[in-house]
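The values are calculated or read from the model by the stated rules, or taken from the named source; none is laboratory data. Fair warning: this is a prediction, and the values are worked out from it, not measured in the lab. Because the Cβ atoms are built from the backbone with ideal geometry, glycine has one as well, and the counts that use them run over all protein chains shown.
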Amino acid sequence: MNWPNSHSRLSLTAVFIVLIAGSPPMSEALAQEQPILDWGQGLKWYERAANEGNVEAQYRLGLFHERGVNAPQDFKAARNWYYQAAQQGHGAAQFRLAALLQVGQGGAANAEAAALWYRQAARQGIAQASHNLAVMLERGLGIPTDPAEAAQHYDAAARGGIGPAAMNLAMLFLDGRGVEQDSVTALAWLMFAADRGVAGAVVVRDDLVDKLSENDRREALARLEAIRGG
């Protein structure tokens, strides 16, 4: 039987950064603007739109200040603009705000607030937010440990393409933490993670393959196909 090989390495740190394509239109003035050559002037246009309540301008200003692109790097300002956009329901802003709150950039760290905003972003389908929230829940990082809820968020994140979430979910199934112990389902998620180049997934997968029966291995492949199709 041919087992899937790992490919296309996925950086573990990449799960903490998200940019969303297909952003909603900005204000009419911004929508009609020409390519900005003078970012000092362009920044004023974004600030004007943001101060008028334009959520996309608020989010982009947060990005500019967080990364020091097109604006001075200023985590406090980034946190402020992300918060304003997050309050209006901007999922990517909710995710970035949560990340800053978690590590304490731009102000004091606040794990409970970070978890709240990760949860909001996760509800909008942002897979990275589901993964980060799951890690907090599994490890009790500033919030109560809840492996059962962690498993749910790992599942959502993995189905959203986050390889490390699949690996973490597989380990929960192997250990029976938060879910019923199930080595077959664990193997399916390990194969899924290995496909995405997650470090260590191939070793754990191959070790588990040696311990399972032929029928169990076939069932794991069937579950993997169901995951891919789901």
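Count of the range 203-219 residues, restricted to those that are surrounded by fewer than 15 Cβ atoms within 10 Å (Cβ to Cβ) and either β-branched (Val, Ile, Thr) or closer than 14 Å to residue 192 by Cα (or both), is 2. The criterion of being outside the structural domain of residue 151 (by TED's automatic domain parsing) and touching a helix residue (DSSP H, G or I) at 6+ places or on another chain (Cβ under 8 Å) holds for residue 92. If residue 125 satisfies all but one of (1) under 20 Å from residue 199 (Cα atoms); (2) of a type outside the set (Ser, Thr, Tyr); (3) in a loop (DSSP other than H, G, I, E, B), what's the number of the condition it fails? Failed condition: (1). Report, by residue number, each residue of the range 95-108 that is in contact (Cβ under 8 Å) with a residue 24 or more places away in the chain and assigned to a loop (DSSP other than H, G, I, E, B). The answer is 105, 106, 107.
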